[in-house]
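Visitor: Handing you a structure now.
The values are calculated or read from the model by the stated rules, or taken from the named source; none is laboratory data. Nothing here was measured: the structure is a model prediction, and the numbers come from that model. Cβ atoms come from the backbone with ideal geometry, glycine included; neighbour counts cover every protein chain shown.
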Amino acid sequence: MPTAILDGIETYYETHGSGTPILMCAPGGFDATIEKWRVASAWTGADAIKALAAEHTVILYDRRECGQSGGRVERLGWASYTTQGKALLDHLKIDAAFIMGGCMGCSVALAFGVRHPEMTRGLILHWPVGGYRWKVAAQERFMRHYNFAKQNGLNAVIERARDKKNFWLDPETGPWAGLLARDEKFAERFTRQSLDRYLGLILTSGRSMFDRDTATGAEAEEVMGIAAPTLVIPGDDQSHATSAAHYLRELMAQAEFWNVMPPEQSTQKVCDRVLGFCRKYC
């Protein structure tokens, strides 16, 4: 099980295949793990990792606070998630890669493209999150956890996390639920912090990450400045509003917009479209 200490956080990762690298920013919201590329609804029709690895070095990782990776109790944001991805490429001695995001991973990919253009060979954005319903649901998720923690305290947060383990399925568990459930030392450190400080982190994280009805991850002016070739693949549900994909299409003059909607987007068709895009810019 390969791991690396990136920005002071243990990160679980895998590499498959060979060729021009693709850094995969996982779908799954606050449960963004390698496994989501295999089991999330958009990726169950075929082995996407195997298909992409036929032509590329595919780099997958559990995002910090998710799966087998570690984390820190601090304000969460797209910049900190981007730091992890860049550090992984540096660890692997990779100068540039295609950055592919799925679901909320699109926001991480966008942030990466803004902050590290020299390392971004191209962006692939599959089902970017966004839309009014997405914003409201995300903010409500953080507020439910805020209220639970304020009323019950940090020890109750740990017990809830050990029972439910997933902030995405049970907002009262909080964004560190997976770590609290499996890492006793992390849980011990968690209880030693100030409750007021923790509540402040929850408020600022939720407000700053989910402050708009459009695609998250970067400001409009920053997105307009991205020069890397980009492929946008739209979603069509309450978390992946088609409007979020069209917003990116509007801002990114160089973007290719795959005008095929779910459920016509089979996993194999998506992989073929991604491979075709990458061939153009390898």
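Visitor: Quick one: how many residues across the range 6-28 are under 30 Å from Gln139 (Cα atoms) and buried (at least 21 other Cβ atoms within 10 Å of the Cβ)? Lay out the reasoning, then the answer.
Guide: Taking the range 6-28 and keeping what is under 30 Å from Gln139 (Cα atoms), we get 6-13, 23-28.
With buried (at least 21 other Cβ atoms within 10 Å of the Cβ) added as a condition, the list becomes 6, 11, 13, 23-28.
The total comes to 9.
Visitor: While we're here: Quick one: count up the residues across the range 178-199 that are within 26 Å of Cys106 (Cα to Cα) and out of contact with any Phe, Trp or Tyr (no Cβ under 7 Å at 6 or more places or on another chain).
Guide: So the answer is 1.
Visitor: Still on this structure, I have one more. Going through the range 166-189 one residue at a time, which ones are hydrophobic (A, V, I, L, M, F, W, C) and under 17 Å from Gln151 (Cα atoms)?
Guide: Within the range 166-189, the first condition is being hydrophobic (A, V, I, L, M, F, W, C), and the residues that meet it are 167-169, 176-177, 179-181, 186-187.
Scanning the range 166-189 gives no hits.
Visitor: Are there any pairs, at least 6 apart or on different chains, whose C-beta atoms fall under 6 Å, with the first in the range 221-240 and in contact (Cβ under 8 Å) with a residue 12 or more places away in the chain and surrounded by fewer than 24 Cβ atoms within 10 Å (Cβ to Cβ) and the second part of a helix (DSSP H, G or I) and small (Gly, Ala, Ser), and if so, which?
Guide: That search, which allows pairs on different chains as well, returns Ile226/Gly113; Ala228/Gly113.
Visitor: Quick one: count up the residues across the range 44-75 that are basic (Lys, Arg) and crowded, with 22+ Cβ neighbours inside 10 Å. It would help to see each step written out before you state the result.
Guide: Residues of the range 44-75 that are basic (Lys, Arg), as a first pass: 50, 63-64, 72, 75.
Cutting the leftovers down to crowded, with 22+ Cβ neighbours inside 10 Å gives us 63-64.
Residues meeting the conditions: 2.
Visitor: Show me the helices (runs of 4 or more DSSP H) found entirely inside the range 212-282 where at least 1 residues are under 21 Å from the mean Cα position of the chain (by Cα) and among the acidic types (Asp, Glu).
Guide: On the way: elements: 220-224, 242-251, 267-281.
Qualifying helices (runs of 4 or more DSSP H): 220-224.
Visitor: Considering only the range 265-272, I want to know if a residue exists there that is surrounded by 13 or more Cβ atoms within 10 Å (Cβ to Cβ), assigned by TED's automatic domain parsing to the domain that holds Ala54 and touching a strand residue (DSSP E or B) at 6+ places or on another chain (Cβ under 8 Å).
Guide: Checked the range 265-272: at least one residue is surrounded by 13 or more Cβ atoms within 10 Å (Cβ to Cβ), assigned by TED's automatic domain parsing to the domain that holds Ala54 and touching a strand residue (DSSP E or B) at 6+ places or on another chain (Cβ under 8 Å).
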